[in-house]
Amino acid sequence: MQPEETPGARRVLPTVAILAVIFFLSAAGLRPPAPLPASAGATEFSADRAREVLRRLVGDGIPHPTGSAANGVVRGRVIDELTKLGYQPEVQSGFSCDDFGTCATVKNVLARLDGVEAGASVLLAAHYDSVPAGPGASDDGAGVAAVIEIARALKSMPAPRHSIIILIDDGEEAGLLGAHAFVTQSPWAKDVRAAVNLEARGTSGPSMMFETGSANYWAIKLYSEHAARPATSSIFYQVYKQLPNDTDFTVFKASGYQGVNFAYIGDVNHYHTPLDNFENADPRSLQHHGENALPMILALANSDLSPPVKEAVFFNLFERLVIFWPAGWSFPIAIVALVLLLFQVGWLIAKHRLLPSALLWGVVNWLAIFVTTGVLALIFQKILHVAGVMPTNWVAHPLPLQITFWCLAISVVTVVSLAFESRSGFWGLWAGVWIWWALFSVVVCWLTGGIGYVLLVPSCIAVVVGLPFTLRRSEPRNGVWLAAALPLFAAGILGFDHVILLYDGLGIRILAGIALLIALLLSPLAPLLASLREPKAFMRFALPGAAIAATVLAVFAAVVAPAYSAKAPEHVNLQYRQDGDSGKSQWVVYTDSGRLPEPIRVATNFRRIDKGSFPWDTLPAFLADAPHLEIAAPTFTILESSESGGKRQYRALLRSERGAPEAAVFFPPDSGIDQIRIQDEPIPHKTARVLRYFNGWDLYRCMTMPAKGIEIQFELPLGKPVEVYVLDLSYGLPLEGMFVLKSRPLTATAYQQGDVTILTRQLQLNP
Ligand SMILES: [Zn+2]
């Protein structure tokens with residue numbers, strides 16, 4: 001055995017410093033650009049101009065769900081803005097239903113900019129409706145304001161090759177109903193080949209391109225050539241595919257449109273609450289939306305719009321550059337990298353520079369890092385949960401929690417590697433780390449190249465940079481340092497910003513996963529730590545010591561920090577409910593944390609129920625008796641019924657007698673209901689996934705109830721009585737509920753549907 005090779009203790013501190021710089025550059029790269037002033041050139045996108053549009057659209061802060069009078073006002077403002085710019089906007093009105101059995105009459109605003117060629121066109125889309133709980137200034141007012149500022153810029157440019165259709169649609173929050181009405185009912189829809197959609201789930205952060213049509217490679221190529229500040233990754237695309245979330249782009253994609261979907265996701269606590277207001281809408285996010293969407297819609301409108309369906313692997317570097325390649329390349333490259341690595345390791349052993357036992361310890365080291373990080377992260381998560389630090393998925397001060405789990409991973413990587421270095425040495429740890437990386441890279445690239453690149457790129461760099469130094473013993477320590485440090489830096493550059501965004505996307509539930517990812521990204525630090533055996537290596541104690549101290553301090557800060565604040569409140573919805581049959585009434589409170597805020601608890605006698613005040617309801621709630629009010633309950637009148645084919649067919653009228661905007665009928669699980677039509681619109685069979693949302697109950701509802709009611713046709717099997725629930729729902733509480741409303745603290749807010757008044761009835765159908 002020859003004397004041991006290491007990069008030297010003097011190189012550890014600079015390596016760690018460079019990693020820290022990469023981290024700060026990654027975090028800084030996620031800051032969206034400064035807004036351009038209103039004096040910017042006519043062909044440029046100016047967030048200051050778009051912000052004035054946004055102020056005129058939603059500056060009054062009034063929630064405007066589909067069908068509400070307030071939504072009609074916002075629609076009028078959208079039409080005014082487009083008219084002022086020289087467009088001739090039209091309103092497309094239609095009744096539309098989604099797969100969940102939710103229907104509404106929606107009113108889309110449409111305008112077009114004619115291209116040089118007739119025929120194929122491209123779509124620029126955002127939605128103007130909001131949820132009932134908040135004014136939707138970012139979701140999706142900012143998208144609408146960006147579309148209008150883009151529409152202005154387009155008017156000052158030469159006509160594009162293909163026409164651009166501007167769609168500012170309605171009913172997105174109710175179930176993508178406006179987009180659905182456009183693709184199924186608008187005569188313009190059949191010419192559309194590609195769409196650019198603008199969205200937000202939060203009020204700040206970079207505008208990320210997180211979804212494309214099926215011709216992914218083509219879309220990314222255009223995006224890489226035209227987006228001013230690219231922020232994208234095939235990882236977001238793959239992760240998003242696994243989530244139940246949808247935007248209008250889901251409908252466009254299902255209609256075969258190509259294109260790209262942009263959204264920002266910072267300050268998710270504001271999402272779908274009154275805090276999604278004009279003041280909180282970050283103008284930098286608006287600038288980023290426009291800087292990417294304007295060149296993209298132009299690029300699409302000037303392209304040939306008949307792309308081949310081909311997937312790509314893609315990611316951006318520091319919002320400057322998009323790297324991409326065909327998805328099919330990743331797996332063979334991963335195989336070649338693994339084979340080359342095994343050859344190098346074999347060579348090191350053959351030349352007696354690496355003992356087989358040292359290699360084995362290196363392999364075990366990497367495994368020990370993962371198992372230890374995983375176990376500790378789960379223990380930390382459990383303890384912090386029990387300590388009440390993480391009552392919901394989104395807390396007011398997530399930074400201490402994020403630091404806890406990052407530093408936990410850093411502590412484990414350093415402590416474990418230092419424990420193993422005397423057995424495995426530099427090459428043992430190097431080979432151990434990169435054998436695992438290369439193996440995983442093969443497996444993940446085989447499953448999905450879109451995610452595998454994070455493993456593939458550093459593995460390839462390790463193999464290529466390592467080659468001269470594994471094959472020939474290098475005297476200068478710089479050689480082995482390069483073989484260890486360069487792939488480590490690559491891992492940081494590719495991974496750090498994604499891990500930061502992963503928290504924004506998934507919240508507290510992903511913290512243990514974040515610890516594992518950081519342990520993965522930093523595991524290539526292990527071979528460098530082998531240098532710290534040298535006498536008087538200060539870093540041997542300083543590095544793990546600092547990481548452990550930071551973990552302890554961060555845990556302390558997380559425990560001390562309040563879970564909610566006025567800027568990041570918890571979600572608490574209030575309801576007044578009256579059973580139209582018995583006349584019994586209740587106050588009902590839903591909270592995300594499952595705990596009742598103290599001021600509400602003392603307002604009246606609330607009792608907790610673990611599950612469901614309705615049979616389809618699976619959430620815990622708090623109930624208290626409420627006064628009976630003289631309000632008419634909804635009706636469900638059988639207009640006609642007949643019998644054929646062993647079933648009974650019904651035509652029924654669902655009506656809100658008090659003029660509530662929303663009414664619904666719930667059929668129990670396994671009622672055998674079939675052939676449903678609402679206002680003559682056929683409703684597709686519900687999938688098991690859809691039925692799970694309401695505990696197996698089958699719900700049909702209209703979010704924009706006309707005064708005369710809506711007609712529902714259906715059939716039921718003969719011989720089995722079916723007990724249905726009928727309800728109607730209006731936004732806000734009756735005046736009698738003012739004391740409950742006032743008891744909700746500033747650290748809590750209405751969310752999504754917000755506070756509502758619900759009247760129910762039960763009735764039996766006897767087919
Ligand atoms: Zn939205």
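The values are calculated or read from the model by the stated rules, or taken from the named source; none is laboratory data. In this text the structure is predicted, and so the values were computed from the model without any measurement. Using ideal geometry, Cβ is built from the backbone for each residue, glycine included, and neighbour counts are taken over all protein chains shown.
Worth a mention:
- Screening segment 598-685 for strands (runs of 3 or more DSSP E) wholly inside it with 1 or more residues that are among the aromatic types (Phe, Trp, Tyr) and in contact (Cβ under 8 Å) with a residue 12 or more places away in the chain returns the ranges 621-626, 635-644, 647-655, 662-667.
- Which listed residue, of Leu486, Leu467, Leu455, is surrounded by 18 or more Cβ atoms within 10 Å (Cβ to Cβ) and assigned to a helix (DSSP H, G or I): Leu455
- Helices (runs of 4 or more DSSP H) completely within segment 134-238 that count 1 or more residues being in contact with a Lys or Arg (Cβ under 7 Å, 6 or more places away or on another chain): 143-155, 216-226
- Top-ranked residue of segment 202-220 - restricted to ones that are among the hydrophobic types (A, V, I, L, M, F, W, C) and under 19 Å from the mean Cα position of the chain (by Cα), ranked as farthest from the ligand (Cβ to nearest atom): Met209
- Pick from segment 237-251, criterion of a type in the set (D, E, K, R) and at pLDDT 90 or above, ranking: farthest from the ligand (Cβ to nearest atom): Asp246
- Filtered residues of segment 121-139 (kept if in contact with a strand residue (DSSP E or B) (Cβ under 6 Å, 6 or more places away or on another chain), within 13 Å of the ligand (Cβ to nearest atom) and farther than 21 Å from Ala189 by Cβ): Ser138, Asp139
- Candidate set from segment 174-201 (those that are surrounded by fewer than 23 Cβ atoms within 10 Å (Cβ to Cβ) and either under 16 Å from the mean Cα position of the chain (by Cα) or of a type in the set (S, T, N, Q) (or both)); member that is nearest to the ligand (Cβ to nearest atom): Arg201
- In the condition set (1) under 21 Å from the mean Cα position of the chain (by Cα); (2) away from the ligand (no atom under 16 Å from the Cβ); (3) closer than 22 Å to Val73 by Cα, Ala142 is compliant with all but (2).
- Of all residues in segment 530-585, those being out of contact with any strand residue (DSSP E or B) (no Cβ under 6 Å at 6 or more places or on another chain), over 30 Å from Leu13 (Cα atoms) and of a type in the set (Val, Ile, Thr) number 2.
- Any hit, segment 393-405, residues being outside the structural domain of Tyr237 (by TED's automatic domain parsing), in a helix (DSSP H, G or I) and over 26 Å from the mean Cα position of the chain (by Cα): no
- Of all the residues in segment 285-306, those that are out of contact with any strand residue (DSSP E or B) (no Cβ under 6 Å at 6 or more places or on another chain), buried (at least 19 other Cβ atoms within 10 Å of the Cβ) and part of a loop (DSSP other than H, G, I, E, B) number 1.
- Filter pass, Ala118 being outside any strand (DSSP E or B) and away from the ligand (no atom under 16 Å from the Cβ): yes
A quick yes/no check of all residues on (1) touching a helix residue (DSSP H, G or I) at 6+ places or on another chain (Cβ under 8 Å); (2) outside the structural domain of Arg229 (by TED's automatic domain parsing); (3) small (Gly, Ala, Ser):
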site: Ala42; (1), (2), (3): yes, yes, yes
site: Ser46; (1), (2), (3): yes, yes, yes
site: His64; (1), (2), (3): yes, no, no
site: Ala69; (1), (2), (3): no, no, yes
site: Val74; (1), (2), (3): yes, no, no
site: Ile79; (1), (2), (3): no, no, no
site: Thr83; (1), (2), (3): no, no, no
site: Tyr87; (1), (2), (3): yes, no, no
site: Val91; (1), (2), (3): yes, no, no
